[in-house]
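K.L.:
Sending over a structure as structure tokens; questions will come in a sec.
The values are calculated or read from the model by the stated rules, or taken from the named source; none is laboratory data. If you're wondering where the values come from, they're calculated on a predicted model, not measured in any experiment. A quick note on method: Cβ atoms are made from the backbone with ideal geometry, for glycine too, and the neighbour counts reach across all protein chains shown.
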């Protein structure tokens, strides 16, 4: 790996998390949402404005900003220069001065010009939704790959926003943590260093991505089916991952608590081993540059045999969140209705009795039969419904596998051991002579070895039947 240059060291210092600063930064969160008629066809239009604003406040809380106020603004159209209308900008300026606000979070995508003009009008730092999400990702990423991907996206975003507009700030230092701002004399040098650093990151990412690809191919050679958790951020994926694997992945009631992928082995009801992968949560209007940056990470999702789409069924916006996840999966070339997606309704423990019973009945009614495709109601926190979920995963895997009847002589202990190690033993009984009668299910890649060893086995069901 290349040695770090002095310029890159400075960039790294500029990018360090600013937790102490954030905790002392009085912040106003503004939700400038177009009316549904004006926003027809735009992302997020199906969401309630109050729920969207709640989410924006949650994003700000994820980096410990001191949110002292929130403001929803209804827009009939977007102004090219300031996003908001002139009257609103002036009204908010008075509010900022009265409340001694130091940072404004705009829950939208601002152009560099809009951001600069709002900062001039209000005399404080302004960040948009993309900048806020990038800041969170910068705090959360811990693996080498995740850190590089976030930094690259971070630098690409910041490069277009190095402008001479932040002279009102007391702290005239560089700040790829978005709470600061580059000093005037450093702007051109910073822009050059950013491009140089991005080029070096791209080279490092090529190496890291190749290594990750080798790990993925080695897992394929094992081979075990791969089950990937996907879902909206804070839907409970990491809690479910911990429940299924007895792992201790960070699981908090916080947006984007998990960024770096984690994989563990799990045991299914009939003894089959599968690899369970926890992934970064999705969110509405996820910045395109972040989808691109994390594409290598999300390859675990693309290549998974089964996707568990985890939904917070207790959330008022659960339907819209589900649509957002389906859209991101679509960008990755995965159709949400594909046969390998199992919808998991999580957080049943937060439902009242009547709603919980209604959803449980709905889940049971649509989840029967060999090709059941309905949702599974669970609580990852309490363990409710986990057995049903494991059975559904196993049934979905079984659709791609053939089953056989095998008879073993009493002395064939090695053959019995082989079956338990390499196949799923669905049934086993012993007759009066001591012979073992088994029903086993075999993965396609192991079927040739199985038939070579147990040539007298009788096929009961072909894969896909």
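K.L.:
Considering 50, 91, 64, which residue is in a loop (DSSP other than H, G, I, E, B) and either under 28 Å from residue 140 (Cα atoms) or assigned by TED's automatic domain parsing to the domain that holds residue 137 (or both)?
P.N.:
64
K.L.:
Ok, one more. What is the one condition in (1) closer than 21 Å to residue 273 by Cβ; (2) modelled with pLDDT of 90 or more; (3) out of contact with any strand residue (DSSP E or B) (no Cβ under 6 Å at 6 or more places or on another chain) that residue 422 does not satisfy?
P.N.:
Of the numbered conditions (1) closer than 21 Å to residue 273 by Cβ; (2) modelled with pLDDT of 90 or more; (3) out of contact with any strand residue (DSSP E or B) (no Cβ under 6 Å at 6 or more places or on another chain), the odd one out for residue 422 is (2).
K.L.:
Could you check the stretch 202-238 and list, in sequence order, the residues that are at pLDDT 80 or above and out of contact with any strand residue (DSSP E or B) (no Cβ under 8 Å at 6 or more places or on another chain)?
P.N.:
Once the filter is applied, which keeps residues that are at pLDDT 80 or above and out of contact with any strand residue (DSSP E or B) (no Cβ under 8 Å at 6 or more places or on another chain), the stretch 202-238 yields 202, 203, 204, 205, 206, 207.
K.L.:
So, one more: Under the condition of being assigned to a loop (DSSP other than H, G, I, E, B) and at pLDDT 75 or above, which residue from the stretch 273-307 is farthest from residue 244 (Cα to Cα)?
P.N.:
Residue satisfying both the conditions and the ranking: 285.
K.L.:
Another question, if that's okay. So residue 401 fits all but one of (1) more than 31 Å from the chain's Cα centre (by Cα); (2) touching a residue at least 12 places away in the same chain (Cβ under 8 Å); what number is the exception?
P.N.:
So residue 401 meets the others, but not (1).
K.L.:
For the stretch 96-112, what are the residues that are surrounded by 14 or more Cβ atoms within 10 Å (Cβ to Cβ) and farther than 23 Å from residue 286 by Cβ?
P.N.:
Residues satisfying the conditions are 96, 101, 102.
K.L.:
Right, next: Do any helices (runs of 4 or more DSSP H) lying entirely in the stretch 105-163 carry at least 2 residues that are touching a residue at least 60 places away in the same chain (Cβ under 8 Å), more than 21 Å from residue 93 (Cβ to Cβ) and in the same structural domain as residue 72 (by TED's automatic domain parsing), and which ones are they?
P.N.:
Answer list for the stretch 105-163: 129-140, 144-159.
K.L.:
Give the residues of the stretch 415-465 that are without any contact (Cβ under 8 Å) to a residue 24 or more places away in the chain and farther than 23 Å from residue 269 by Cα, sorted by residue number.
P.N.:
Those that are without any contact (Cβ under 8 Å) to a residue 24 or more places away in the chain and farther than 23 Å from residue 269 by Cα: 431, 432, 433, 448, 451, 452, 455.
K.L.:
If you scan the stretch 431-458, which residues turn out to be over 19 Å from residue 274 (Cα atoms) and surrounded by 12 or more Cβ atoms within 10 Å (Cβ to Cβ)? Give the derivation first.
P.N.:
Our first condition is that a residue be over 19 Å from residue 274 (Cα atoms); within the stretch 431-458, this holds for 431-439, 448-458.
The answer is 435, 436, 437, 438, 439, 449, 450, 451, 453, 454, 457.
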